[in-house]
Ligand SMILES: [Zn+2]
């Protein structure tokens, strides 16, 4: 049922509908987009994730739009001595994590759990950098692949179930680009806190709505992949509700080095061009990525080209990147 007004599931303030019947990732499923009037969180209605969608994406491999680069990183990290640096120079997400670890921990003698480890390359790279890191992911398939590729660092399981068992505690829990996928970010972050040792820290990254101009409806992945587009105030509110401090990593050093595209994509364009699957998980043909670059260039060459393109394009330094990196403790 469409409602003009709802309550923000994060802070409880009134939220209003910004866009009705937004076409989702799977054919025939639409969503209404809401925005909170206080913490500025945007969220979709219905707030329901679809586990099968991730199997579809894994099966599509490098044809899944926007996901191709993750496969590239998964291979690339095995080809360099310092893969954490390679990732940090590829995306602000990993730059943020690397800098958060260096800023908030005096040495590398700490235990880390990465939740939502996906293909596993960040956990692998953190281990290579000297941090003792384990990975957790809900997808058995992803975990099996990661264990085979990088060694036995990964476990499949549901965070809420793991928390009930309450076996291991960590100095640091990391969640990159995960919280925007879950139905209840507050409960999820609360569960992650309970895996921390006394004084431990939670590092999370998520697309930062605070960087978008006012009135921007949705510049995040298409629901039900992303269910949330959170602002810094949304994350501050969650931290406060658990009595935690929350600080954000300053991205000035990153944004003065690397170009980030800040153009807002109009909703009409998004609706016409967003990737979409049929109900069986097949991509609509017009969205299949057939670009030559993916086929004929080596992984290292593609990395080098995208690095150079971002490095030498016009930059506009800012303390905020398209992604935020929050440290809560
Ligand atoms: Zn709110």
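Bear in mind that the values in this text are calculations on the coordinates, not laboratory data. Just so you know, these numbers come straight off a predicted model, no measurement behind them. No Cβ is skipped: glycine too gets one built from the backbone with ideal geometry, and neighbour counts run over all protein chains shown.
At q = 0.08, 0.10 Å⁻¹ the log10 of I(q)/I(0) for the chain amounts to -0.36, -0.58, computed by Debye summation with a single uniform scatterer per C-alpha, solvent ignored. Measuring nothing but how far apart in sequence close Cα pairs (under 8 Å, 6+ apart) lie, relative to its length, the chain scores a relative contact order of 22 percent. Give the calculated FRET efficiency between residue 107 and residue 240 to the nearest 0.05, with a Förster radius of 22 Å applied to their Cβ-Cβ distance. Plugging the Cβ-Cβ distance into 1/(1 + (r/R0)^6) gives 0.15. Annotation: the residues 43, 242, 22, sorted from fewest to most other C-beta atoms within 10 Å of their own C-beta, follow the order 242, 22, 43. Annotation for region 165-184 versus region 1-64: alpha-carbon center distance of 21 Å. Neighbour counts of C-beta atoms inside 10 Å place 86, 115 in the sequence 86, 115, starting with the fewest.
Dividing the summed -39500 (n - 2.57) terms of all DSSP H runs of n ≥ 4 by the residue count of the chain sets its mean residue ellipticity at 222 nm at -9500 deg cm²/dmol.
Our estimate of slack between residue 316 and residue 148, defined as 0.36 nm per intervening residue step minus the Cα-Cα distance, is 56.4 nm. Considering all C-alpha pairs of region 203-329, those separated by over 23 Å amount to 52%. Of 38, 97, 217, which is the most mobile in a GNM of the chain whose springs link Cα atoms less than 10 angstrom apart? Sorting by GNM fluctuation, first place goes to 38. Comparing mean-square fluctuations of 20, 273, 82 from a GNM of the chain with C-alpha springs under 10 Å, the top value falls on 273.
In the elastic network of the chain, a GNM with C-alpha springs shorter than 10 Å, the most mobile of 31, 19, 251 is 19. Structural descriptor for region 209-329: relative contact order 44 percent, calculated from alpha carbon pairs under 8 angstrom and at least 6 residues apart.
Sorting 321, 306, 37 by the number of Cβ atoms found within 10 Å of their own Cβ, with the fewest placed first, yields 37, 306, 321. The label-point distance for residue 270 and residue 80, in a model that sets each label 7 Å from Cα toward Cβ, rounds to 3.1 nm.
Estimated from the Cβ-Cβ distance and a Förster radius of 25 angstrom, the FRET efficiency linking residue 69 and residue 253 is about 0.65. Region 85-159 and region 254-269 have Cα centres spaced 26 Å apart.
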